[in-house]
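Engineer: Take this structure first; my questions come after.
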Amino acid sequence: QVQLVESGGGLVQPGGSLRLSCAASGIIFRFYTMGWYRQAPGKQRELVVGITSGRNTNYADSVKGRFTISRDNAKNTVYLQMNSLKPEDTAVYYCNAQAGFRNYWGKGTLVTVSS
């Protein structure tokens, strides 16, 4: 059974930082492209950043220079370091794992940026 479990969300003030984690099980993690997506209230889910098995990354323009994705294949975990957070970063953040036709989602973690 595949599980992606996100953690690290919460309430943070503008300009603050958070680190999200996504622990994967039930997949051969090192073969998967891992991604972070987010969905704000009333908006569509959008890609924040992805990292391939070869550690190539693809960031949304809105987070470039502020967010950093990393992966630890030994721990089957992908991280999202979020700095200089803005109110518009408020959303539910979802972890995604893709390999070929296999596509899995976590249940999400809420990030709220507010003073």
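The values are calculated or read from the model by the stated rules, or taken from the named source; none is laboratory data. All values reported here derive from a predicted model rather than from experimental measurement. Here the Cβ is made from the backbone with ideal geometry for all residues, glycine too, and neighbour counts use every protein chain on show. Just the protein is used for accessible areas: all its heavy atoms, side chains included, with ligands, DNA and RNA removed. Shrake-Rupley method; radii C 1.70, N 1.55, O 1.52, S 1.80 Å.
Engineer: Can we say Thr57 is among the polar types (S, T, N, Q) and open to solvent by 50 Å² or more (accessible area, probe 1.4 Å)? Let's see the steps before the verdict.
Structural biologist: Details: among the polar types (S, T, N, Q): yes; open to solvent by 50 Å² or more (accessible area, probe 1.4 Å): yes.
The answer is yes for Thr57.
Engineer: Out of curiosity, is Lys75 open to solvent by 60 Å² or more (accessible area, probe 1.4 Å), part of a loop (DSSP other than H, G, I, E, B) and farther than 16 Å from Ala97 by Cα?
Structural biologist: No; evaluated as a whole, the condition is false for this residue.
Engineer: Exactly one condition in (1) under 17 Å from Leu4 (Cα atoms); (2) in contact with a helix residue (DSSP H, G or I) (Cβ under 8 Å, 6 or more places away or on another chain) is false for Phe31; which is it?
Structural biologist: (2)
Engineer: Right, another one. Which residues, taken from region 63-87, are more than 17 Å from Val5 (Cα to Cα) and either of a type in the set (A, V, I, L, M, F, W, C) or in contact (Cβ under 8 Å) with a residue 24 or more places away in the chain (or both)? If you could, list the steps in order and put the result at the bottom.
Structural biologist: Here is the first cut: in region 63-87, the residues more than 17 Å from Val5 (Cα to Cα) are 63-68, 82-87.
If the condition is that a residue be more than 17 Å from Val5 (Cα to Cα) and either of a type in the set (A, V, I, L, M, F, W, C) or in contact (Cβ under 8 Å) with a residue 24 or more places away in the chain (or both), then Val63, Phe67, Met82, Asn83, Ser84, Leu85, Lys86, Pro87 are the ones that fit.
Engineer: With the requirement that a residue be open to solvent by 70 Å² or more (accessible area, probe 1.4 Å), touching a residue at least 60 places away in the same chain (Cβ under 8 Å) and outside any strand (DSSP E or B), what does region 88-115 give you?
Structural biologist: Once the filter is applied, which keeps residues that are open to solvent by 70 Å² or more (accessible area, probe 1.4 Å), touching a residue at least 60 places away in the same chain (Cβ under 8 Å) and outside any strand (DSSP E or B), region 88-115 yields Lys107, Ser115.
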